[in-house]
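Trainee: Structure incoming, see below.
The values are calculated or read from the model by the stated rules, or taken from the named source; none is laboratory data. No experiment lies behind these values; they were computed from the predicted model shown. Note: ideal-geometry Cβ built from the backbone for every residue, glycine included; neighbour counts use all protein chains shown.
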Amino acid sequence: MPPLVSDLRYLLPWQFSPTIFFTCVLAVTLYVRGLVALRHRVNGVGFWRAFTFLLGVALSYAMLQTYVDYLSAHMFWIHRFQHLILHHVGPVLIVLAAPERVLRAGIPPDLARRIRIPAWIRRPIQLFFGFLQHPLIAPTLFVGLIFFWLTPSIHFTAMIDNRRYDLMNWSMLADGLLFWWLMLAPRQAQGSAAIGYGTRLVILSLVTVPQLLLGAYITLHSTTLYDVYAICGRAWAISPLDDQQLGGLLTWIPAAMMSLVGIITVLHHMLHDPEATVIRSRGGFDPAVQPARGA
Amino acid sequence: MSGLICATAHRWRLAAAGALLLTAMLAGCAGSDPHYALKNITGLVSPLEFQLTDQDGQPVTAANYRHDLVLLYFGYTQCPDECPTTLTMLANALRTLGPGASRVRVLFVTVDPHRDSTAVLKRYVDNFGPQFVGLRPDEEELTELSKRYRIAYHYEKPDKDGNYEVDHSSAVFVFDADGRARLLALSDNTAQQVASDLRRLLAST
């Protein structure tokens, strides 16, 4: 094969998934249409906001529909990197861009007027969504999914079964979007699902603990926990314990850092939210009423 | 006020019910068959399907091996340790199995078609017994197989004489007479374990 063609092959899907392809195309199309529709507004979208959204979508797509997908099926640490992007980095970027307004503006107006979802479909979806976004369920699901798919016997079946492998990656991305939206979206944008900023800080701090413990357990474990990579073959020669330790570190450190990013974002919301008056009234947090010192 | 309390209680009940359901579903996913010594992969791995060339240069498909138990293994003839060890173990298992072994085929797919010509393959598999079949894919067929069975192989850098090793999967996939994937033999399984599980599979079909 000529060099250019053989390099391009790394950008092509290992296993083409129409669902992932069309979901990403739909998201980007709606977003770009929305950008065009909103381009003359006073409170426009801004370059960095659009860039963040598109980067989040592009990274998630790259994890699932390029050669990275093959590598993550055959190297534990790349699998952990893939899930770090799918469950943490990608969704955080997408949610930080607050894309709801742009995506809504991207729906063709005729279509938007004609679509009426009947109550018997809408109601169960709302109930299910309400359940997933419950302040106890959402963090349990967020951490629980990491533990579930990393249980060695379950990890094994996910890595040898194409359907379970797809389910695993979809569940991580979908849960990442739900969780980080609940944590990071401004309260006004969340409607009935909104939970207070204080609660969010507690949740963000608590979810780091089991992730740290699991990451440390994997990193420091002296025998191979996940035998599927030896059984099905690794992408290249690496000692199984090196692979496991790298994967453990990726589960351990960046996960905690993402919570820190989350906490900073929530603190930012607290300072700028006109309704979050509780903290201000207790004094000290509002820069506008800071007493001048040392003048 | 009472409406608010009611809504909150409702939300919690919903959460609890959902959590129970989820736990039950997850618990249902994990479970293994205690009857087999090998790893049970029934329903997890794709059925047997391929179009390859056998050691006599004849095109063959999975249909040629219907009504037989098929053991599918990926390797290469210049493999220094793993392939000969595994194939010898399988040969021992077939010997232990006795007359039932005539209904078993071991398909050895080379991951090194560049060096393993059909003639080389024929000489190699004949060492292990009449049930052993050497299969040679072209590059594209090998990629398809690696996607279908989720296995990896990787060519090491050649030395100064042009010799190279190939890292590859170690599993032996066991398919029943209908071509369904049933068991996975691992490198720590013994010939006795393989033989007794094959006997059980033969009895059930």
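Trainee: Report the residue count in segment A:192-213 for those that are more than 15 Å from A:ASP273 (Cα to Cα) and free of Cβ contacts under 8 Å to residues at least 24 places away in the same chain.
Mentor: Going through segment A:192-213 one residue at a time, the tally reaches 3.
Trainee: Are any residues in segment A:42-82 among the polar types (S, T, N, Q), part of a helix (DSSP H, G or I) and either surrounded by fewer than 20 Cβ atoms within 10 Å (Cβ to Cβ) or in contact (Cβ under 8 Å) with a residue 60 or more places away in the chain (or both), and if so, which ones? I'd like the intermediate steps shown before the answer.
Mentor: Restricting attention to segment A:42-82, the residues satisfying the condition of being among the polar types (S, T, N, Q) are A:43, A:52, A:60, A:65-66, A:72, A:82.
Going one step further and asking which of them are part of a helix (DSSP H, G or I), we end up with A:52, A:60, A:65, A:72, A:82.
The answer is A:THR52, A:SER60, A:GLN65, A:GLN82.
Trainee: Let me ask something else about it. From (1) in a helix (DSSP H, G or I); (2) away from every other protein chain (no Cβ under 14 Å); (3) free of Cβ contacts under 8 Å to residues at least 24 places away in the same chain, pick out the condition that doesn't hold for A:SER222.
Mentor: The single condition A:SER222 does not satisfy is (1).
Trainee: Within segment A:236-251, work out how many residues are more than 14 Å from chain B (Cβ to nearest Cβ) and buried (at least 22 other Cβ atoms within 10 Å of the Cβ).
Mentor: If we filter segment A:236-251 for residues that are more than 14 Å from chain B (Cβ to nearest Cβ), which is where we start, we get A:241-242, A:244-251.
Narrowing the set further to residues that are buried (at least 22 other Cβ atoms within 10 Å of the Cβ) leaves A:244, A:247-248, A:250-251.
Residues in segment A:236-251 being more than 14 Å from chain B (Cβ to nearest Cβ) and buried (at least 22 other Cβ atoms within 10 Å of the Cβ): 5 in total.
Trainee: Now, a different point. Is it the case, given these coordinates, that A:ALA185 is modelled with pLDDT under 95 and crowded, with 18+ Cβ neighbours inside 10 Å? Full working, then the answer.
Mentor: Numbers: modelled with pLDDT under 95: yes; crowded, with 18+ Cβ neighbours inside 10 Å: yes.
Against the criterion (modelled with pLDDT under 95 and crowded, with 18+ Cβ neighbours inside 10 Å), A:ALA185 qualifies.
Trainee: Considering only segment A:29-41, state which residues are basic (Lys, Arg) and in contact (Cβ under 8 Å) with a residue 40 or more places away in the chain.
Mentor: Filtering segment A:29-41 for residues basic (Lys, Arg) gives A:33, A:39, A:41.
If the condition is that a residue be basic (Lys, Arg) and in contact (Cβ under 8 Å) with a residue 40 or more places away in the chain, then A:ARG33 is the only one that fits.
Trainee: Out of curiosity, is A:GLY233 crowded, with 18+ Cβ neighbours inside 10 Å and touching a strand residue (DSSP E or B) at 6+ places or on another chain (Cβ under 8 Å)? Steps first, answer last, please.
Mentor: Numbers: crowded, with 18+ Cβ neighbours inside 10 Å: yes; touching a strand residue (DSSP E or B) at 6+ places or on another chain (Cβ under 8 Å): yes.
Against the criterion (crowded, with 18+ Cβ neighbours inside 10 Å and touching a strand residue (DSSP E or B) at 6+ places or on another chain (Cβ under 8 Å)), A:GLY233 qualifies.
Trainee: Considering every residue within segment B:171-180, establish whether at least one is within 12 Å of chain A (Cβ to nearest Cβ) and at pLDDT 95 or above. Spell out how you get there, then give the answer.
Mentor: The initial filter retains those residues of segment B:171-180 that are within 12 Å of chain A (Cβ to nearest Cβ), namely B:171-173.
The next check asks that each one be at pLDDT 95 or above; those that pass are B:172-173.
Scanning segment B:171-180, I find at least one residue that is within 12 Å of chain A (Cβ to nearest Cβ) and at pLDDT 95 or above, so the answer is yes.
Yes or no, residue by residue, for (1) within 21 Å of B:LEU145 (Cα to Cα); (2) surrounded by 19 or more Cβ atoms within 10 Å (Cβ to Cβ); (3) away from chain A (no Cβ under 11 Å); (4) at pLDDT 95 or above:
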residue: B:TRP12; (1), (2), (3), (4): no, no, no, no
residue: B:LEU52; (1), (2), (3), (4): yes, yes, yes, yes
residue: B:PRO59; (1), (2), (3), (4): yes, no, yes, yes
residue: B:LEU72; (1), (2), (3), (4): yes, yes, yes, yes
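Trainee: Next question. Could you grab me the full set of residues in segment A:130-148 that are among the hydrophobic types (A, V, I, L, M, F, W, C) and within 11 Å of another protein chain (Cβ to nearest Cβ)?
Mentor: Step one: filter segment A:130-148 for residues among the hydrophobic types (A, V, I, L, M, F, W, C), giving A:131-132, A:136-138, A:141-143, A:145-148.
Matches in segment A:130-148: A:PHE131, A:LEU132, A:LEU136, A:ILE137, A:ALA138, A:LEU141, A:LEU145, A:PHE147, A:PHE148.
Trainee: Continuing with the same structure: Based on this model, can you work out whether A:ALA105 counts as more than 14 Å from chain B (Cβ to nearest Cβ), aliphatic (A, V, I, L, M) and in contact with a Leu (Cβ under 8 Å, 6 or more places away or on another chain)?
Mentor: Numbers: more than 14 Å from chain B (Cβ to nearest Cβ): yes; aliphatic (A, V, I, L, M): yes; in contact with a Leu (Cβ under 8 Å, 6 or more places away or on another chain): yes.
So A:ALA105 passes the test.
Trainee: While we're on this one: Kindly indicate the residue of segment B:142-168 that is assigned to a helix (DSSP H, G or I) and either facing chain A (nearest Cβ under 10 Å) or over 16 Å from the mean Cα position of the chain (by Cα) (or both) and also surrounded by the fewest Cβ atoms within 10 Å (Cβ to Cβ) among those meeting that condition.
Mentor: First, pick out the residues of segment B:142-168 that are assigned to a helix (DSSP H, G or I): B:142-148.
Retained after the next criterion (residues that are either facing chain A (nearest Cβ under 10 Å) or over 16 Å from the mean Cα position of the chain (by Cα) (or both)): B:143, B:146-148.
Values: B:THR143: 13, B:SER146: 24, B:LYS147: 15, B:ARG148: 16.
Looking at residues that are assigned to a helix (DSSP H, G or I) and either facing chain A (nearest Cβ under 10 Å) or over 16 Å from the mean Cα position of the chain (by Cα) (or both), I get B:THR143.
Trainee: Next up: Inspect segment A:162-182 for any residue being crowded, with 18+ Cβ neighbours inside 10 Å, part of a loop (DSSP other than H, G, I, E, B) and of a type in the set (Asp, Glu) and give the result as yes or no.
Mentor: Looking for residues that are crowded, with 18+ Cβ neighbours inside 10 Å, part of a loop (DSSP other than H, G, I, E, B) and of a type in the set (Asp, Glu), one finds none in segment A:162-182, hence no.
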